[in-house]
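Below is one structure; the comments refer to it alone.
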Amino acid sequence: MILLALLTGYQRQRKKAFVNAEDAAMAGTELKGVQDEEVERVRRAHLNDVENIPVFLISGMIFVAADPNVIFALMMFRLYFIARLAHTIVYAVYVVRQPVRTICFLIGVLINMILIFTIFIYFPQL
């Protein structure tokens, strides 16, 4: 998420596509009314991370508190990381045709659902 925030700023600087007048003035340009597609793509990828990763972090912490099998937990966490990393790459860095991005997204959603289901099954005294 942090790297995407930096990438968004980099793209805005590179394309001179600012959203605030003071940022444009500091760069010595005027504020454009038109949005740049490359900047918007990176920004949307960042927003997607902001919408999905906190849910995983919360469910992951509760999942760990349920004392799961360590190998299963590591597998879920690693798969989620790989799915989100792949989603970010095919969304913001190297654009690939659909349904690759959707598949990466759905893998992350499925892992979240598995974690939440496991929490309800195994969490003691819930």
- Residue ID - farthest from Gly108 (Cα to Cα), chosen from residues in segment 61-89 that are crowded, with 18+ Cβ neighbours inside 10 Å and of a type in the set (Gly, Ala, Ser): Ala86
- Is it true that some residue in segment 60-83 is among the polar types (S, T, N, Q) and in a helix (DSSP H, G or I)? no
- Query: Which one is surrounded by the most Cβ atoms within 10 Å (Cβ to Cβ) among residues in segment 115-126 that are of a type outside the set (A, V, I, L, M, F, W, C) and more than 15 Å from Phe56 (Cα to Cα)?
  - Reply: Tyr122
- Residues within segment 28-54 that are open to solvent by 70 Å² or more (accessible area, probe 1.4 Å) and within 20 Å of the chain's Cα centre (by Cα), tallied: 6
- Note on the structure: Restricting attention to segment 84-126, the residues that are of a type in the set (D, E, K, R) and either in contact (Cβ under 8 Å) with a residue 40 or more places away in the chain or assigned to a helix (DSSP H, G or I) (or both) number exactly 2
- Query: Mind checking which residues of segment 6-27 are of a type in the set (S, T, N, Q) and open to solvent by 80 Å² or more (accessible area, probe 1.4 Å)?
  - Reply: Gln13
- Query: Taking Gly9 and the conditions (1) touching a Ser or Thr at 6+ places or on another chain (Cβ under 8 Å); (2) more than 19 Å from Phe105 (Cβ to Cβ); (3) assigned to a helix (DSSP H, G or I), which numbered condition does it fall short on, given that it satisfies the others?
  - Reply: (1)
- Item | Filtered residues of segment 90-114 (kept if aliphatic (A, V, I, L, M) and open to solvent by 60 Å² or more (accessible area, probe 1.4 Å)) | Val93, Val95, Ile103, Leu106, Ile107, Leu110, Met113
- Query: Among the listed residues Ala24, Ala45, which satisfies the condition of being over 26 Å from Cys104 (Cβ atoms) and not in a loop (DSSP other than H, G, I, E, B)?
  - Reply: Ala24
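The values are calculated or read from the model by the stated rules, or taken from the named source; none is laboratory data. Just so it is clear, the structure is predicted and the values come from calculations on it, not from any experiment. We place every Cβ from the backbone using ideal geometry, glycine too, and count neighbours over all the protein chains shown. Calculation scope for accessible area: heavy atoms of the full protein, side chains included, ligands and nucleic acids excluded. Shrake-Rupley method; radii C 1.70, N 1.55, O 1.52, S 1.80 Å.
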